[in-house]
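Beneath this line is the structure, given in structure tokens, with notes to follow.
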Amino acid sequence: MVKVFIYPATSLILSDMVARFGHEPLGSAIGIRERIQTPGIESPPLQITPEEPKKGLKWAAVEVPSGVRGRMAVYGPLIEEAEAAIIIRDPDYAFGCMGCARTNELIQFHLRHKEIPLLDLAYPTSDEEGVGFVAAIKEFLTGLKTEGSA
Amino acid sequence: MAEYIPNYQGTVTKYVFVESPLLTPKDLAVKAYEISAGVMIKETCFGLQVTGTPEEVEPLIEAIREFDPTHIFIKDRGFPPGDERRCRANLGGARPGYLGHEFEMQRVRYISHGLGRVAGMDDTEMHAAAARRPEEERARPLDPRRLKKLIEAEEP
């Protein structure tokens, strides 16, 4: 089982595909769940504490706004853990404030520089594109070698 | 600052989305309750939320997926069901994250079609299908630079 980072990190389709073909999807829910289930000081709504922008310094420079560094504290450890990644190009719904936009750029930058197997796709808009989309993901995921396998 | 003591520690929550002509969320909930063996299941308008320890949830969602493999989609959720920070019963309006689900649920019909077709393909056919990029053949909006050239080329 290979850990596959999905972008957009909240994608239902990618999360399902990765799990369906026998691997472990790494997305926002994993990072958020870790914070939601850790006791500490109440910091609603996502339990992002003032410590997070400091942790985010590992993946974003000090002059980067704290909002981006705080977000990177959630995604950074997941990117480090990832052994492969699937990226959907220009997902319409992943827009947001400037903090989200810059974090999205930084996530893709880190993934593309990590020298891990990477699949780049666009959302399908027809049945034929759907066949290509699923076939590309299935071929990519079945080709991933699990640690220790030949 | 108040102390934070989380509910449902050590559990995982999964969303189960169903977009099937043969299975409604209600039917799915009834079938899931029959095999749930005490795992917490919440019925929603789009499917279910399943909460329990990873050892309980994993086999259950695999069994749920088998009800209609090409039309059931599953993903992780960070929050437990009914959490006051996310539940629309407390916040009003659509739940944060609903926009993303709404967007992707418009496209899962293509994924369902793809899953059905790919299941019957051998390696060669799958490779050929994966290598095709029909999205690159989509009609594109006119490039503004080209438009400018067309305007400038017009005779006075």
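Quick one: is B:Phe103 under 25 Å from B:Val30 (Cβ atoms), hydrophobic (A, V, I, L, M, F, W, C), within 11 Å of another protein chain (Cβ to nearest Cβ) and in contact with a Phe, Trp or Tyr (Cβ under 6 Å, 6 or more places away or on another chain)? Taking the combined requirement at face value, the residue does not satisfy it. The residue of region B:121-147 that is nearest to the chain's Cα centre (by Cα), among those that are outside any helix (DSSP H, G or I) and of a type in the set (A, V, I, L, M), is B:Met121.
Quick check on my filter: what residues within region A:31-46 are part of a loop (DSSP other than H, G, I, E, B), within 7 Å of chain B (Cβ to nearest Cβ) and under 12 Å from B:Arg86 (Cβ atoms)? If the condition is that a residue be part of a loop (DSSP other than H, G, I, E, B), within 7 Å of chain B (Cβ to nearest Cβ) and under 12 Å from B:Arg86 (Cβ atoms), then A:Pro44, A:Pro45 are the ones that fit.
For region B:25-55, residues that are hydroxyl-bearing (Ser, Thr, Tyr) and assigned to a loop (DSSP other than H, G, I, E, B) total 3.
When we screen B:Lys42, B:Lys14, B:Lys26 for residues that are within 14 Å of chain A (Cβ to nearest Cβ), under 22 Å from B:His71 (Cβ atoms), in contact with a strand residue (DSSP E or B) (Cβ under 9 Å, 6 or more places away or on another chain) and among the basic types (Lys, Arg), the only hit is B:Lys14.
Restricting the first member to region B:92-111 and to residues that are on the phi > 0 side of the Ramachandran plot, and the second to residues that are modelled with pLDDT under 90, the beta-carbon pairs closer than 9 Å and six or more apart or on different chains are B:Gly97/B:Arg86. Number of residues in region B:76-120 that are in a loop (DSSP other than H, G, I, E, B), at pLDDT below 85 and loosely packed, with under 13 Cβ neighbours inside 10 Å equals 3. Screening B:Pro69 with (1) within 11 Å of chain A (Cβ to nearest Cβ); (2) assigned to a helix (DSSP H, G or I); (3) surrounded by fewer than 15 Cβ atoms within 10 Å (Cβ to Cβ) gives one miss only, at (2). Residue-level check: of (1) at pLDDT below 95; (2) farther than 15 Å from A:Ile107 by Cα; (3) facing chain B (nearest Cβ under 10 Å), A:Arg89 misses just (2).
Matching residues to (1) loosely packed, with under 13 Cβ neighbours inside 10 Å; (2) in a helix (DSSP H, G or I); (3) not basic (Lys, Arg):
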residue: A:Arg102; (1), (2), (3): no, yes, no
residue: A:Glu105; (1), (2), (3): yes, yes, yes
residue: A:Lys114; (1), (2), (3): no, no, no
residue: A:Pro124; (1), (2), (3): no, no, yes
residue: A:Gly132; (1), (2), (3): no, yes, yes
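The values are calculated or read from the model by the stated rules, or taken from the named source; none is laboratory data. Model, not experiment: these values are computed from the prediction. FYI the Cβ positions are ideal-geometry reconstructions off the backbone, even for glycines, and counts take in every protein chain you see.
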